[in-house]
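**Q** Starting off with a structure, shown below.
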Amino acid sequence: MIELNFVDNFIIISYLVFTLIIGLIFSVHKEQNSLDYFLAGRNLKWYMVGISLFASSISGGYLIAATGFEISSSYLVSHAEMLTVIFFLLLCAYFGPKYIKANVFSTSEFLEKRFDRNSRIYVALFQVLTNIFIRITVILFAGGLILKQVLDWDTFTTTLVLVLLSGLYSVVGGLKAVIYTQIVQTVFLFSAVILLGVYGLHAAGWISGLLSQPTFGSVFFLKPTFLPNLPLLGIVLGVPIIGFWYWCTDQTIIQRILSAKSITDAKRGAYLAILLKIIFISSIAVIGLLTIKLSLENKSDQSFSLIVSNGIFPSGVKGIFIIGIFSLIMSSLSSLFNSTSALLTMDFYRMAYPNASQRKLVLVGRLSTTFTVLLVILCVPLIKYLNADNYKYIQNSLAFISAPVAALFILGFFFKKMNSKGAILGLIIGGSLGLFRITIDLLVNFFSFSNFFLSWVLEINFLYFTIFIFITSLITMLFISSLKPIIETRELNINRIDAWK
């Protein structure tokens with residue numbers, strides 16, 4: 001553990017107060033409507049879009065995974081993360097402009113214009129549940145784990161404070177407040193990463209010290225297909241499925257694109273996010289090497305904490321590093337709070353009350369954000385019962401249930417004959433397969449219930465099973481759609497703002 005002095009504590013407290021002030025300042029403006037609250041008035045400039053895209057995509061879980069799994073899997077995690085650049089480019093060139101021209105608030109609303117309301121409800125509910133019970137859980141677990149191991153801070157108290165602060169400006173100011181705080185938080189995050197890299201390299205003997213370690217020559221080579229955790233074939237075929245779902249269909253990401261001032265701003269913002277992402281991934285890769293060099297125990301869920309608590313930070317710098325971790329956690333939380341609120345308000349409340357006034361929609365948005373924050377607070381005490389195995393289980397579960405959604409969007413965009421019947425049946429069958437695998441994992445790993453069939457299924461790598469779910473969903477959607485007349489389909493018209501006919 002590292003010890004904080006007066007200067008470090010002053011920096012941390014000042015950061016928390018400053019972030020809250022920034023969020024509240026940009027929450028105070030003229031009377032909001034739903035466009036202001038959920039999409040920042042569709043007036044974001046390119047650098048705001050880019051920074052927010054980056055800040056929304058980086059979570060505490062990545063720090064643990066990147067530095068921990070780098071050791072055991074020879075940098076396959078970094079290789080997989082680099083694939084996200086491809087989907088960023090797809091978002092810039094094709095999907096982003098389509099969403100903007102469709103004139104929607106959410107990706108699930110987009111599906112109703114392409115298919116029907118059933119697909120919209122399914123995907124909106126899927127995103128709300130995964131945001132609250134999977135993605136936010138992972139962020140809180142990762143952040144609590146790092147702070148507990150580095151500072152021995154109480155997990156419940158720390159995560160509760162961060163949730164309350166992030167929730168406060170998210171409730172009051174909506175997306176605009178989230179964006180401006182993320183700009184500040186990104187600066188602090190990169191400051192922490194740079195400091196960690198510089199002081200870590202100094203402790204390791206700079207580049208010559210890293211080159212001298214026996215493991216350096218092997219970490220950049222891909223391993224064969226039978227690597228247990230991250231097989232090469234699974235990386236090549238499975239990771240793109242998850243990557244497409246996240247970068248090209250997830251509400252948290254697409255909401256930033258929809259908030260851009262223009263298509264040009266959206267594209268330039270995505271290019272900036274690509275650059276920031278590559279710099280961040282490369283920095284974490286270097287930190288992974290430092291972990292190997294400086295830590296005595298290569299434990300995947302503790303390696304990051306080991307290097308941080310190695311005594312490499314002088315007084316004052318420790319506080320900057322801690323606020324970098326805070327920035328990472330709070331930026332991710334505020335994004336998920338706001339995107340969940342947008343889904344609950346625009347995909348459920350407005351669908352039930354289409355004539356609701358703008359003032360009421362904003363009120364429901366704030367209440368939805370408050371509800372999400374309170375629900376997360378209720379879940380905070382459960383975080384202390386999670387461990388590295390639970391973390392991996394939660395991450396794998398997201399891959400299983402996101403595969404059918406990825407299949408739906410791909411066919412919805414590129415297969416004109418795809419219809420609503422094929423869409424909903426493919427989602428149901430693919431989602432059922434995902435829940436089946438999740439249930440088996442739960443029975444075997446947590447309740448010690450097993451037989452030959454369950455053990456056989458569980459031995460299938462999670463990436464391979466994700467590929468299986470994805471292909472099954474695709475086949476189902478294509479087969480059912482082929483049984484219906486073409487006239488029942490809807491096709492995108494890119495020349496019109498309302499986009500569908």
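The values are calculated or read from the model by the stated rules, or taken from the named source; none is laboratory data. Note that this is a predicted model, so its numbers are computed, not measured. FYI the Cβ positions are ideal-geometry reconstructions off the backbone, even for glycines, and counts take in every protein chain you see.
**Q** Just to be sure, is residue 460 assigned to a loop (DSSP other than H, G, I, E, B), under 20 Å from residue 239 (Cα atoms) and at pLDDT below 90? If you could, list the steps in order and put the result at the bottom.
**A** Details: assigned to a loop (DSSP other than H, G, I, E, B): yes; under 20 Å from residue 239 (Cα atoms): yes; at pLDDT below 90: yes.
Taking the combined requirement at face value, the residue satisfies it.
**Q** Listed residues 179, 136; which is of a type in the set (A, V, I, L, M) and farther than 24 Å from residue 25 by Cα?
**A** Working: 179 fails: farther than 24 Å from residue 25 by Cα.
Of the residues listed, the single one that is of a type in the set (A, V, I, L, M) and farther than 24 Å from residue 25 by Cα is 136.
**Q** Among (1) in contact (Cβ under 8 Å) with a residue 24 or more places away in the chain; (2) farther than 22 Å from residue 338 by Cα, which single condition is residue 157 missing?
**A** Among (1) in contact (Cβ under 8 Å) with a residue 24 or more places away in the chain; (2) farther than 22 Å from residue 338 by Cα, residue 157 violates only (1).
**Q** Hey, another quick one. Restricting attention to the stretch 108-129, and to residues there that are buried (at least 20 other Cβ atoms within 10 Å of the Cβ) and β-branched (Val, Ile, Thr), which single residue is farthest from residue 34 (Cα to Cα)? Walk me through how you get there before you give the answer.
**A** First, the residues of the stretch 108-129 that are buried (at least 20 other Cβ atoms within 10 Å of the Cβ): 108-112, 114-115, 119-120, 122-124, 127-128.
Now narrow it down to the ones that are β-branched (Val, Ile, Thr): 123, 128.
Details: 123: 21, 128: 19 Å.
That would be 123.
**Q** Something else now. Counting only residues that are more than 21 Å from the chain's Cα centre (by Cα) and at pLDDT 90 or above, how many does the stretch 366-396 have?
**A** Residues flagged as more than 21 Å from the chain's Cα centre (by Cα) and at pLDDT 90 or above within the stretch 366-396 amount to 2.
**Q** Right, something else. If we scan the stretch 160-167, do we find a residue that is part of a helix (DSSP H, G or I), of a type in the set (S, T, N, Q) and either farther than 19 Å from residue 366 by Cβ or modelled with pLDDT under 80 (or both)?
**A** Quick first cut of the stretch 160-167, residues part of a helix (DSSP H, G or I) only: 160-167.
Subsequent filtering for residues that are of a type in the set (S, T, N, Q) retains 166.
Next cut, either farther than 19 Å from residue 366 by Cβ or modelled with pLDDT under 80 (or both) only: none.
No, the stretch 160-167 has no match at all.
**Q** Take residue 258 and decide whether it is in contact (Cβ under 8 Å) with a residue 24 or more places away in the chain and over 16 Å from residue 100 (Cβ atoms). So that I can check it myself, show each step before the final result.
**A** Details: in contact (Cβ under 8 Å) with a residue 24 or more places away in the chain: yes; over 16 Å from residue 100 (Cβ atoms): no.
Against the criterion (in contact (Cβ under 8 Å) with a residue 24 or more places away in the chain and over 16 Å from residue 100 (Cβ atoms)), residue 258 does not qualify.
**Q** Show the residue pairs meeting these rules: Cβ distance below 7 Å; 6+ apart or different chains; first residue within the stretch 418-436 and in contact (Cβ under 8 Å) with a residue 12 or more places away in the chain; second residue among the aromatic types (Phe, Trp, Tyr) and buried (at least 20 other Cβ atoms within 10 Å of the Cβ).
**A** Partner pairs satisfying both residue conditions: 420/115; 423/115; 424/122; 427/122; 434/400.
**Q** Do we find a residue being within 25 Å of the chain's Cα centre (by Cα), modelled with pLDDT of 90 or more and in a helix (DSSP H, G or I) anywhere in the stretch 436-450?
**A** Looking through the stretch 436-450, at least one residue is within 25 Å of the chain's Cα centre (by Cα), modelled with pLDDT of 90 or more and in a helix (DSSP H, G or I).
**Q** Sort through 235, 242 and tell me the only one that's surrounded by fewer than 24 Cβ atoms within 10 Å (Cβ to Cβ), modelled with pLDDT under 90 and within 19 Å of residue 332 (Cβ to Cβ).
**A** Numbers: 235 fails: within 19 Å of residue 332 (Cβ to Cβ).
Being surrounded by fewer than 24 Cβ atoms within 10 Å (Cβ to Cβ), modelled with pLDDT under 90 and within 19 Å of residue 332 (Cβ to Cβ) holds for just one of 235, 242, which is 242.
**Q** Which one is modelled with the highest pLDDT among residues in the stretch 245-293 that are among the aromatic types (Phe, Trp, Tyr) and within 29 Å of residue 198 (Cβ to Cβ)?
**A** Within the stretch 245-293, the subset among the aromatic types (Phe, Trp, Tyr) is 245-247, 271, 280.
Narrowing further to those that are within 29 Å of residue 198 (Cβ to Cβ): 271, 280.
Numbers: 271: 90, 280: 82.
Per the criteria, the residue is 271.
**Q** Any residue in the stretch 355-374 that is in the same structural domain as residue 105 (by TED's automatic domain parsing) sitting within a Cβ distance under 6 Å of a residue that is small (Gly, Ala, Ser) and surrounded by 15 or more Cβ atoms within 10 Å (Cβ to Cβ)? List the pairs, counting only those 6 or more apart or interchain.
**A** These pairs meet every condition: 358/34; 361/34; 365/341; 368/341; 369/170; 369/341; 373/167.
**Q** Can you go through 455, 432 and tell me which one is in a helix (DSSP H, G or I) and at pLDDT below 90? Give the derivation first.
**A** Details: 432 fails: at pLDDT below 90.
Every option except 455 fails the conditions.
**Q** Inspect all residues belonging to the stretch 87-107 and state whether any of them is under 19 Å from residue 372 (Cα atoms), surrounded by fewer than 20 Cβ atoms within 10 Å (Cβ to Cβ) and out of contact with any helix residue (DSSP H, G or I) (no Cβ under 7 Å at 6 or more places or on another chain).
**A** The answer is no; no qualifying residue exists.
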